[in-house]
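Student: Below are the structure tokens for one structure; questions will follow.
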Amino acid sequence: AYFPLAILKTLFSCADKKRLLAAGDQLPPGDTFTLYRGVAGAGADRRPSGPSWTNNYDVAKWFALRLPNLPDPAVYSATVRRDDVLFYSNGREEDDFVLFVNRPVRVTLDLAGQKNTSPAPSKERRT
């Protein structure tokens, strides 16, 4: 389902952050995390500042390239503080960090040896 980013931010700001964190997996160690987000498409659908990030570049790349008909695939990066993370899950082996990043930076998308899309790293990969 698609929800505008402003609504998601409002809903998460109303939530109890401690309960959100407790509902997920334990955060990896560290005071800061370098995270990545894979996107494709144009306009509002692109959402480089969306809430779902990963610390695994290859997972972000998979999301950027998974739908070959979408233009301009890209991976964005941000370094965030531990305190900024609202939720973390590794249930699908995606190292999914949920938070809002104000100024993500586009990074070079490594297409070496790339075919149309990357294979999903896990059997339960999102579609």
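Student: In this structure, is Ser13 within 25 Å of Tyr2 (Cβ to Cβ), open to solvent by less than 70 Å² (accessible area, probe 1.4 Å) and hydroxyl-bearing (Ser, Thr, Tyr)?
Tutor: So Ser13 fails the test.
Student: Hey, can you tell me all the residues within segment 59-91 that are open to solvent by less than 70 Å² (accessible area, probe 1.4 Å) and either of a type in the set (S, T, N, Q) or assigned to a strand (DSSP E or B) (or both)?
Tutor: Ala74, Val75, Tyr76, Ser77, Ala78, Val80, Phe87, Tyr88, Ser89, Asn90
Student: Give Asp25, Asp31 a once-over and let me know the one that is exposed (fewer than 10 other Cβ atoms within 10 Å of the Cβ), touching a strand residue (DSSP E or B) at 6+ places or on another chain (Cβ under 9 Å) and in contact (Cβ under 8 Å) with a residue 24 or more places away in the chain.
Tutor: Asp31
Student: Being modelled with pLDDT under 95, over 15 Å from the mean Cα position of the chain (by Cα) and not in a strand (DSSP E or B), is that true of even one residue in segment 93-108?
Tutor: The answer is yes; a qualifying residue exists.
The values are calculated or read from the model by the stated rules, or taken from the named source; none is laboratory data. Just so it is clear, the model here is predicted, and its values are computed rather than measured. All Cβ positions, even for glycine, are placed from backbone atoms using ideal geometry, and neighbour counts span all protein chains on display. With ligands, DNA and RNA removed, areas are computed over all heavy atoms of the protein, side chains included. Shrake-Rupley method; radii C 1.70, N 1.55, O 1.52, S 1.80 Å.
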